[in-house]
1. Kindly rank A:36-43, B:136-143 from highest to lowest mean number of other beta carbons found within 10 Å of each residue.
2. Counting other Cβ atoms within 10 Å of each Cβ, which GluC sites (Glu not before Pro) in segment B:1-61 have at most 16 and sit in a DSSP loop?
3. Going highest first, how would you order B:56-63, A:25-32, B:74-81 by mean Cβ packing within 10 Å?
4. Taking Cα pairs under 8 Å and at least six residues apart, what relative contact order does segment B:1-63 come out at, in percent?
Amino acid sequence: MKSRIEQPARSGGKPQFDSLEAHLSSALQPVAPRPTFVQTLGQRLSSAPSVAVEIHPAAGRDWQLMLIAAAGVLSGVALIWLVKAFVLAYRRSKNLT
Amino acid sequence: MNLADFEEDAVLAQAMQGDVEAFGALYERYVGRIYNYIYYRTGSHPDAEDLTARVFFRALKHIGRYQPRGLPFSAWLYRIAHNLVANWHRDNSRRPEIPLDDGLWFHHPGDPPEASLLRSEEQEQLMRLIHKLPPDRQQLLILKFVEHLSNVEIGLIMGRTEGAIKSLYHRTLLALRNDIEKIEAAVMENLSQEENHELYEIED
């Protein structure tokens, strides 16, 4: 079988692609989408909310991280305060005795 | 105002402000082109429908932030379509073969059956070769042969100069022709081997 798609041809040192272009033109023909698909999609688009509020995926995580950090700082402060109170109470009790 | 005969910039401005009817006019203008582009990149009508819907929903979602930057609106839509098709290919990369729907091949009425078969075989072979090209080359061929756009228009869509498009087109045709010649050489070799085999059988 000798394909008719393209026979190499050169004119003035430049390759000619007329045959290949003709085959491409024949193979790549426009296709029409189904009218029902076009109509249905058009209806779906017109009923969709035109303004969408986007929430960045990281936004939720940022709040959680801040909350964890704040809780960590607070519990640290509370722990230091408790230790100090303990030490003070111990010293007082020792001084009294 | 008849939206069918609109000035694109004005309608685009309305669509960017949330006018659904204006977006609908843009949709009607470009749905066919985007569908064609996706269909020839995927080779499947159901996938083309699914991805076309995604393109327009994404466009609707982001049109408020659209910035023309001197490019036609279609360039933005094609860019969305291009990205979605790239994702589709990535997700389907394990599939060995791109499906080729029946509608892709065209029967020419009046042709004898064998001529039609030859033509469809050649076209099928050509389409398989096109699908093996890099995405930018496929996009160029689709925009040129399906959409009949000029090099300048293709350049605007693909973000390249007219000269770059001409060069890419030339290299694409050269690559296609080389691929075709390789296939032809393989077919000829097979044929000569078969002929030799038959000759030996006759001699025996």
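Just so you know, all these numbers are worked out from the coordinates, no wet-lab data involved. Bear in mind the structure is a predicted one, so any value in this text is a computation, not a measurement. With ideal geometry, Cβ positions are generated from the backbone for all residues, glycine too; neighbour counts draw on all protein chains shown.
1. Values: A:36-43: 14.0, B:136-143: 20.1.
Top to bottom by mean Cβ count within 10 Å: B:136-143, A:36-43.
2. Taking segment B:1-61 and a limit of 16 other Cβ atoms within 10 Å, the loop GluC sites (Glu not before Pro) found are B:E7.
3. B:74-81, B:56-63, A:25-32
4. 25
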